[in-house]
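Trainee: Before anything else, here's the structure in question.
The values are calculated or read from the model by the stated rules, or taken from the named source; none is laboratory data. Just so you know, these numbers come straight off a predicted model, no measurement behind them. Backbone-built Cβ (ideal geometry, glycine too); neighbour counts: all protein chains shown.
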Amino acid sequence: MILPACLPNRFVIDLAGSDGKLLEKRVLHDPGTPASAPKIALIDIEGLIAHAPSGGLFAGSGNSVDELAARLQKAEEDPTVRAVILRVNSPGGTVAASESIYSELRSFRERSKKPVVVSMAEVAASGGYYISLAADRVIAQPSSITGSIGVIIQTMNFSKGMAMIGVESRAVKSGPNKDIANPFEPIREEQYAILQSTVDDFYAAFRALVRERRPAIDASRFDSLVDGRIFTGRQALDAGLVDSLGDLRDAFSEAKRLASLDRAQLVKYHPDGRTPMSPYSLALAPNAPAQGSRIDLQLQLPNALSLPPGFYYLWSPELP
């Protein structure tokens, strides 16, 4: 049994629209800009990055990859949309989902020729930083938390405690590694070597992507910058991990510059029933409670038990 890394026990569940249709709302514009002016689409990446939908009561709801792909398609098909801003507020997620979002963003950029700007919010770490590497420009707020470049797979072992109370476990398996890192049987170092080789493979790919997408990073500092540590936005700028400091309005200005626009309007896509009131609204869920389109759950479960097994690009302050 393999358990994942930690995740803050507050997270956001986004529910899909009733009919899946995305509507559009202007949330910011330059003074005097008419409704027919060129658009810049603002897309949110919020919370855990994963292919899997929310479980339990919210089973069947959307996931971050699906939400992004639908909005990118709408932005690509609209000729009046000239650029995209990706507002990232995520501690990361699974390796596969992070790769999928990065690939979707790069494919969108190559097909549409529309520039992509990342605006980092509170956290854009690990997988949140991974997907940010797809952008033409990365803008962090001075207080954003980013970095945490690396891979983790958290495991637990209960065999000693079980033995103390006279409980034994024996898995019936087809091969010696079918129950790799089984928490109910004694630790076998050869199995952890297999897990380590997988982590090393994913980490090498992450490092290579940082080298490719951030070529200005000082080579003498590179190893220390990608050892899993976190950075504030200010520190990330000094390290070369981001391009500039600023807020969402600065990202709007940068997107206009890259799209060669003097004036534009910023739009957000939303399902019927949940209209955003500002660029900071998370307009992803219809019929949600009074506070915007968010359902905030406070979970008291141990962090390592709150996610399914898997390999993660993920950061949390609760990590040991």
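Trainee: Where residues in the stretch 91-104 are among the hydrophobic types (A, V, I, L, M, F, W, C) and within 15 Å of residue 209 (Cα to Cα), which of them is surrounded by the most Cβ atoms within 10 Å (Cβ to Cβ)?
Mentor: So, considering only residues that are among the hydrophobic types (A, V, I, L, M, F, W, C) and within 15 Å of residue 209 (Cα to Cα), the one surrounded by the most Cβ atoms within 10 Å (Cβ to Cβ) is 101.
Trainee: Taking the stretch 155-186 as the search range and keeping residues that are surrounded by fewer than 14 Cβ atoms within 10 Å (Cβ to Cβ) and of a type in the set (Val, Ile, Thr), which one is nearest to the chain's Cα centre (by Cα)?
Mentor: 172
Trainee: What helices (runs of 4 or more DSSP H) completely inside the stretch 180-253 contain at least 2 residues that are in contact with a strand residue (DSSP E or B) (Cβ under 7 Å, 6 or more places away or on another chain)?
Mentor: Because the criterion is at least 2 residues that are in contact with a strand residue (DSSP E or B) (Cβ under 7 Å, 6 or more places away or on another chain), the helices (runs of 4 or more DSSP H) in the stretch 180-253 that meet it are 233-239.
Matching residues to (1) among the acidic types (Asp, Glu); (2) more than 21 Å from residue 311 (Cβ to Cβ); (3) in contact (Cβ under 8 Å) with a residue 60 or more places away in the chain:
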site: 81; (1), (2), (3): no, yes, yes
site: 97; (1), (2), (3): no, no, no
site: 154; (1), (2), (3): no, no, yes
site: 164; (1), (2), (3): no, yes, no
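Trainee: Looking at the stretch 125-154, which of its residues are assigned to a strand (DSSP E or B) and either surrounded by fewer than 23 Cβ atoms within 10 Å (Cβ to Cβ) or in contact with a His (Cβ under 9 Å, 6 or more places away or on another chain) (or both)?
Mentor: 137, 152, 154, listed by residue number.
Trainee: Next question. Kindly establish whether residue 151 is of a type in the set (Val, Ile, Thr), modelled with pLDDT under 95 and within 21 Å of the chain's Cα centre (by Cα).
Mentor: Yes, satisfied.
Trainee: Only residues that are of a type in the set (A, V, I, L, M) and in contact with a helix residue (DSSP H, G or I) (Cβ under 8 Å, 6 or more places away or on another chain): list them for the stretch 146-190, please.
Mentor: Scanning the stretch 146-190 gives 149, 151, 152, 153, 156, 180, 181, 187.
Trainee: Same structure, new question: Could you look through the stretch 74-94, keep only residues that are out of contact with any Leu (no Cβ under 9 Å at 6 or more places or on another chain) and outside any strand (DSSP E or B), and pick out the one that is nearest to residue 123 (Cα to Cα)?
Mentor: 75
Trainee: Has the stretch 116-124 got at least one residue that is surrounded by fewer than 18 Cβ atoms within 10 Å (Cβ to Cβ) and in contact (Cβ under 8 Å) with a residue 24 or more places away in the chain?
Mentor: Within the stretch 116-124, one or more residues are surrounded by fewer than 18 Cβ atoms within 10 Å (Cβ to Cβ) and in contact (Cβ under 8 Å) with a residue 24 or more places away in the chain.
Trainee: Within the stretch 144-171, track down each residue that is out of contact with any Pro (no Cβ under 6 Å at 6 or more places or on another chain) and over 26 Å from residue 50 (Cβ atoms).
Mentor: 160, 161, 162, 163, 164, 165, 166, 167, 168, 169, 170, 171
Trainee: Counting just the residues of the stretch 206-264 that are aliphatic (A, V, I, L, M) and surrounded by fewer than 16 Cβ atoms within 10 Å (Cβ to Cβ), which one comes out farthest from the chain's Cα centre (by Cα)?
Mentor: Among those residues, the one meeting the criterion is 219.
Trainee: When you look at residue 65, is it among the aliphatic types (A, V, I, L, M) and farther than 24 Å from residue 28 by Cβ, yes or no?
Mentor: Taking the combined requirement at face value, the residue satisfies it.
To keep it simple, each residue is scored yes or no on (1) of a type in the set (A, V, I, L, M); (2) surrounded by fewer than 20 Cβ atoms within 10 Å (Cβ to Cβ); (3) within 23 Å of residue 141 (Cβ to Cβ); (4) modelled with pLDDT under 95.
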{"residue": "10", "(1), (2), (3), (4)": "no, yes, yes, yes"}
{"residue": "22", "(1), (2), (3), (4)": "yes, yes, no, yes"}
{"residue": "33", "(1), (2), (3), (4)": "no, yes, no, yes"}
{"residue": "38", "(1), (2), (3), (4)": "no, yes, no, no"}
{"residue": "49", "(1), (2), (3), (4)": "yes, no, yes, yes"}
{"residue": "62", "(1), (2), (3), (4)": "no, no, no, yes"}
{"residue": "83", "(1), (2), (3), (4)": "yes, no, yes, no"}
{"residue": "106", "(1), (2), (3), (4)": "no, yes, no, no"}
